[in-house]
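Novice: Attaching a single structure in structure tokens format; questions to follow.
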Amino acid sequence: MTQLNYFFAGALLVSTLVGTAAASAADRVALVIGNGTYHKVPTLPNPTRDAADISKALERLNFKVTQISNGTAAEMRRAIVEFGRNTEGSDMAVVFYAGHGMEVGGENWLIPTDAELRSDTDVESEAVSLRSINLQVSKARQLGLVILDACRNNPFAAKMQRSLRTRAVTRGLAPTEPTDNVLVAYAARDGTTANDGDGRNSPFTAALLRNIETPGLEISFLFRNVRDEVMSATKREQQPFVYGSLSKEAIYLKPLATAPAQSTPAPSEAPVTTEDERAWKAIKTSSDASLYEDFLKRFAYSPHAAEVRQRLANLKTKQVVSIAPPVAIAPSAAAPTETIAKLSVERDSNKPISNSAEGNVRNLFAPEDAQRVAAMGTYLKLKMPAFAIGETKVDVPASFRRYVGIWVLKDDSGKDRQRMLILTEVSGDLALGYHVYGPPGTRTPSGEPAGYVFIAGKISDNVLRFNSGKYPVEVKLSEANAMTMQFTDPDRKSKGAIFRLTPLWQLIPVVCKAGFKVGDDNTCEPNKVRGSTVRRPEASGKATPAAPTPPRTAGGSTMEERYRACRKLVKGFAQREACARNGSI
């Protein structure tokens with residue numbers, strides 16, 4: 001081939017690649033508008049931040065994004081016209097708007113920052129109609145999507161004069177009827193208003209950001225997730241709503257990744273980037289059914305959900321508890337009731353637990369327990385430290401050893417941080433471990449991201465005191481095994497709210513006083529007596545005690561095997577541990 005032929009072949013290849021890249025870039029187009037700084041009404045703090053965060057998310061989803069901040073009427077109209085030209089021939093076209101919007105005479109309008117709107121007749125000249133935006137996105141071949149976080153409590157509506165008594169002017173938006181394959185999502189249902197929020201983003205945009213980049217989440221389920229999260233965050237005061245209909249074809253903003261066609265050596269382990277991937281990695285080798293149940297509650301639409309359901313079904317059908325005779329226990333070992341009574345006396349008297357035939361009386365921190373802790377950390381979006389449960393000496397008082405374990409604070413409201421307190425060992429009155437904290441909530445004074453700090457504190461008067469950063473912390477563990485955590489603000493020199501933590505795992509069994517039992521959350525609760533243990537008197541008038549129920553046994557040659565068998569017999573770490581040590585309950 002001559003040099004000229006090489007030149008033309010190269011030029012053809014370059015032009016083909018450029019054309020392909022241009023077509024790929026134009027397959028997905030988006031227009032994002034955030035109006036917060038209005039000239040005639042008070043400023044909205046969130047819309048510009050909402051728009052900036054949504055723009056970044058759409059860019060990561062391979063959209064060609066045009067962003068407008070605090071757009072005037074002229075800027076918005078010009079951007080919409082240009083966007084309409086870009087949508088021709090595209091696969092997906094998305095418009096996101098955050099700011100003020102309103103309904104006038106049954107038609108919806110988005111309000112630019114320079115609007116004055118003294119009268120309802122000013123709307124056509126000063127605002128932008130939703131109808132014009134729907135028309136532009138309808139040009140996309142696969143999906144046209146309009147997302148409006150614009151149902152806020154609008155101050156324009158209150159001061160506008162109406163030219164006709166029958167012409168309604170409302171703060172919310174009216175229902176809309178888009179064309180086929182166009183969806184219009186409202187932050188709040190028609191006729192209602194949306195909350196701007198106290199955090200960086202509005203409740204609607206915050207929920208959208210948490211779901212929009214989820215791999216394999218179909219567009220309909222994406223907005224179902226957003227609806228549920230917003231209603232939960234606003235205590236059902238705000239209900240997002242989606243208008244429009246789609247064909248039977250599944251549509252994904254982020255499809256599941258597919259393997260490349262060319263033969264390339266696969267890496268030893270693919271990078272884990274999403275929450276459900278991290279959770280799946282933490283539990284996929286486990287035989288604990290509860291971990292899979294937790295996964296399905298959190299990630300119902302994960303690409304791993306089908307496999308998780310299958311594994312859960314297999315575990316529930318295949319796990320059969322063995323009832324073979326337990327392994328013989330040394331004669332010197334105390335009986336279960338004697339051991340529990342002894343633990344109770346030693347705990348109440350603040351004496352160290354003796355070194356009996358069972359050795360140090362403690363729970364077994366099995367691999368499945370470590371997986372459960374890791375899965376909980378993923379669920380709470382925590383940055384987990386690497387840790388190991390140390391050997392606590394038997395001369396440490398039992399009242400101190402009760403602190404060793406993993407304790408969890410779950411806040412589903414989104415107002416405070418999720419937390420985990422990991423106490424790995426106690427030596428004398430010194431306790432060591434980690435304070436792990438999640439992302440800031442809407443009412444968290446500090447904007448510090450998720451992380452953890454190593455802690456070393458002292459236990460005195462049944463209170464563990466340590467510093468987490470600049471904040472002094474007091475932790476108390478009650479006789480009922482309920483833990484509370486309270487922070488002190490060093491600047492204001494005042495104590496904050498009291499948080500309650502529940503045990504995820506503990507070193508020693510929980511022993512409750514008479515009349516109480518260990519509940520599902522591993523704390524002591526009143527033992528409700530449902531019936532009498534004495535039979536009715538016979539003809540002789542003497543009461544005959546009920547025959548004792550034979551103990552149920554759990555077979556296994558090792559502590560771990562018996563522990564797993566006991567999981568099907570009893571609830572609570574304490575009962576399972578006693579069952580595993582003694583082989584029966």
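Novice: How big is region 15-243 by Rg and Dmax over its Cα atoms, in Å?
Specialist: Rg then Dmax for region 15-243, in Å: 17.1, 62.
Novice: Need one number: nm distance between label points at SER247 and ASP228, each 7 Å from Cα along Cα→Cβ, rounded to one decimal.
Specialist: Taking the simple label geometry, SER247 and ASP228 are separated by 2.9 nm.
Novice: Could you sort out which of LYS415/LYS493; LYS415/LYS513; LYS517/LYS568 sit more than 27 Å apart by Cα distance in this structure?
Specialist: Details: LYS415/LYS493 22 Å; LYS415/LYS513 35 Å; LYS517/LYS568 18 Å.
The answer is LYS415/LYS513.
Novice: Kindly put MET384, MET376 in sequence by how many other C-beta atoms sit within 10 Å of each C-beta, fewest to most. Provide the component values of the computation, followed by the final result.
Specialist: Details: MET384 18, MET376 22.
The fewest-first ordering by Cβ neighbours comes to MET384, MET376.
Novice: Pairs LYS383/LYS476; LYS64/LYS248; LYS139/LYS381; LYS284/LYS410: which exceed 31 Å Cα-Cα?
Specialist: Pairs exceeding 31 Å: LYS139/LYS381.
Novice: Taking the number of other C-beta atoms within 10 Å as the exposure measure, put HIS39, HIS304, HIS435, HIS100 in order starting with the fewest.
Specialist: Values: HIS39 12, HIS304 20, HIS435 24, HIS100 28.
Least crowded to most crowded, the residues run HIS39, HIS304, HIS435, HIS100.
Novice: Of LYS297, LYS495, LYS284, how do they rank once you tally other Cβ atoms within 10 Å and put the fewest first? Could the numbers behind the result be given before it?
Specialist: Numbers: LYS297 9, LYS495 12, LYS284 15.
Listed from fewest to most nearby Cβ atoms, that is LYS297, LYS495, LYS284.
Novice: Taking 7 Å along the Cα-to-C-beta vector as the label spot, tell me the ARG210-VAL453 distance in nanometres, rounded to one decimal.
Specialist: 2.6 nm
Novice: Now a separate question. Taking the radius of gyration and the Kirkwood hydrodynamic radius from Cα positions alone, what is the Rg/Rh ratio for region 415-472, to two decimal places?
Specialist: 1.03
Novice: Mind listing the phi-derived Karplus ³J(HN,Hα) values for region 399-408, rounded to whole Hz, using 6.51, -1.76 and 1.60 with θ = phi - 60°, and x for any glycine or proline?
Specialist: Karplus values, whole Hz, x for Gly and Pro: 5, 7, 5, 4, 6, 5, x, 10, 10, 10.
Novice: For region 362-508, state the average projected area of the convex hull of the C-alpha atoms over all orientations, rounded to one decimal in nm². Don't skip to the answer; put the middle values down first.
Specialist: Working: hull surface 34.2 nm².
Average projection, Cα convex hull of region 362-508: 8.5 nm².
Novice: I've got another one for you. Please report the equivalent ellipsoid semi-axes of region 213-253, computed as sqrt(5 x eigenvalue) of the Cα gyration tensor, largest first, in whole Å. Intermediate results must be reported in sequence, preceding the final value.
Specialist: On the way: eigenvalues 99, 33, 5 Å².
The answer is 22, 13, 5 Å, longest axis first.
A short reminder: the numbers here are calculations on the coordinates, not readings from a lab. Here the structure is a predicted model, which is why all the values come from computation and not from measurement. For neighbour counting, all protein chains shown are included, and Cβ atoms are generated from backbone atoms with ideal geometry for every residue, glycine included.
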